[in-house]
Amino acid sequence: MDIKQMFGELDKMLDENKAGVLACVDPQGVPRMRWMTAGTVRGQDGFLYSVTFPDAGKVPVLREKPKATWLFTAKNYRQVISVTGTIQIVENPNLLSTVIEALGRNLEAFWKLHNDPSELVVIETVIEEIEIYHPGTGERERSTVTA
């Protein structure tokens with residue numbers, strides 16, 4: 001499977017699941033994980049997006065140690081996709097608008113607690129590697145993204 005096909009599998013997974021686990025390591029070396037809504041933006045292959053508040057605890061952690069992995073699992077658990085990359089916290093109203101448009105329908109629980117999207121920042125993951133694993137067969141495919 002080439003990288004374009006792997007991006008297609010990731011898009012299908014995100015359409016089905018809408019959320020995944022973001023894993024990073026804090027400055028003290030402690031692993032941190034959190035469920036987050038994530039998605040892609042049409043025409044932006046190679047990037048994975050999410051949103052958060054600028055004062056969220058994960059923001060300084062991701063700024064200091066930007067390497068992270070996302071984990072997505074199919075509802076039937078027959079496919080697991082992990083995405084590794086470098087995260088950037090982006091404070092750009094145009095990108096924020098584009099990401100909210102792409103993710104908005106999947107942020108229902110988020111909007112119940114926070115209803116002002118202008119207060120958000122974008123978590124942009126520059127994808128460096130995708131791995132697709134099929135637990136039932138043990139089949140594993142990995143591809144590195146080249147610039």
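List of remarks:
- Looking only at residues of the stretch 44-90 that are closer than 25 Å to residue 8 by Cα and more than 16 Å from the chain's Cα centre (by Cα), we find that the one that is modelled with the highest pLDDT is 79.
- Residue within the stretch 38-54 that is touching a strand residue (DSSP E or B) at 6+ places or on another chain (Cβ under 6 Å), of a type outside the set (S, T, N, Q), over 24 Å from residue 131 (Cβ atoms) and in a helix (DSSP H, G or I) present: no
- Qualifying residue in the stretch 103-125 (condition: touching a Gly at 6+ places or on another chain (Cβ under 8 Å), β-branched (Val, Ile, Thr), at pLDDT 90 or above and assigned to a strand (DSSP E or B)): yes
- Residue in the stretch 70-77 that is over 23 Å from residue 139 (Cα atoms) and not hydroxyl-bearing (Ser, Thr, Tyr) present: no
- Residue, nearest to residue 133 (Cα to Cα), within the stretch 1-33, restricted to residues that are among the polar types (S, T, N, Q) and modelled with pLDDT of 90 or more: 5
- Residue in the stretch 14-24 that is closer than 22 Å to residue 73 by Cβ and without any contact (Cβ under 8 Å) to a residue 40 or more places away in the chain present: yes
- Residue selected from the stretch 35-61 under the condition aliphatic (A, V, I, L, M) and out of contact with any Ser or Thr (no Cβ under 9 Å at 6 or more places or on another chain), by the criterion surrounded by the fewest Cβ atoms within 10 Å (Cβ to Cβ): 56
- Applying the condition of being part of a strand (DSSP E or B) and without any contact (Cβ under 8 Å) to a residue 40 or more places away in the chain to the stretch 62-92 and asking which residue is surrounded by the most Cβ atoms within 10 Å (Cβ to Cβ) yields 89.
The values are calculated or read from the model by the stated rules, or taken from the named source; none is laboratory data. What you see is a predicted model, and the numbers here were worked out from it, not measured in a lab. When we count neighbours, we look across all protein chains shown, and the Cβ atoms used for this are built from the backbone with ideal geometry, even at glycine.
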